[in-house]
Amino acid sequence: MKLITSEINLYWVHFQSGGSDQSKVYPRALVKCYHDDDFVLQINFYPDGKSVPVNSYDKRNKLVYLRYPLSMYPNVIDLLRNEKPIYFSYSESLKIGHVRTGKEPIGEGNIDADF
């Protein structure tokens, strides 16, 4: 079982419009994730209530595709905006992946709080 893992330290957001072919389900939002200059992960968000395509790995480009319903977008973008470090992992055999934080101290809270 091959497990693909990488840190994410840069991201790029793309909102997609159009796609009128009724036989296809188009992602409405994409988040492209990078480790330095390497494009390592694309997270696609599909309309809620529609079938979400299975996660996949493009061996030629060494790129993981994770797919979520659009309702998960706020949670994922919040994680990318507010946490550090961020990692992802993907199991090729199980087609399961996740985006996660690194270990953090309990009770860290918001260090930018205005006192």
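Taken together, the values in this text are just the output of simple stated rules run on the coordinates, not laboratory data. These numbers come from a predicted model, not from an experiment. Cβ coordinates were reconstructed from backbone atoms using ideal geometry, including for glycine residues, and neighbour counts include every protein chain displayed.
Over region 52-93, what number does the Rg to Rh ratio reach, with both radii from the alpha-carbon atoms and Rh per Kirkwood?
On the way: Rg = 12.1 Å, Rh = 12.0 Å.
Rg/Rh for region 52-93 comes to 1.01.
Calculate the FRET efficiency for V54 and E104 from the Cβ-Cβ distance with a Förster distance of 22 Å, rounded to the nearest 0.05.
On the way: r = 31 Å, r/R0 = 1.40.
The computed FRET efficiency comes out at 0.10.
How large, in Å, is the chain by the Kirkwood hydrodynamic radius built from its alpha-carbon pairs? Numbers along the way, then the final one.
Values: mean 1/r = 0.0649 Å⁻¹.
Here the Kirkwood hydrodynamic radius works out to 15.4 Å.
In percent, how large is the relative contact order of the chain, given Cα pairs closer than 8 Å and 6 or more residues apart?
Details: 197 pairs, mean separation 29.1, N = 115.
Here the relative contact order equals 25 percent.
Roughly how many debye, to the nearest 20, is the charge dipole of the chain about its Cα centre, given +1 on each Lys and Arg Cβ, -1 on each Asp and Glu Cβ, and no other charges?
Numbers: 14 positive and 14 negative charges, 138 e Å.
Taking the Cα centre of the chain as origin, the dipole is about 660 debye.
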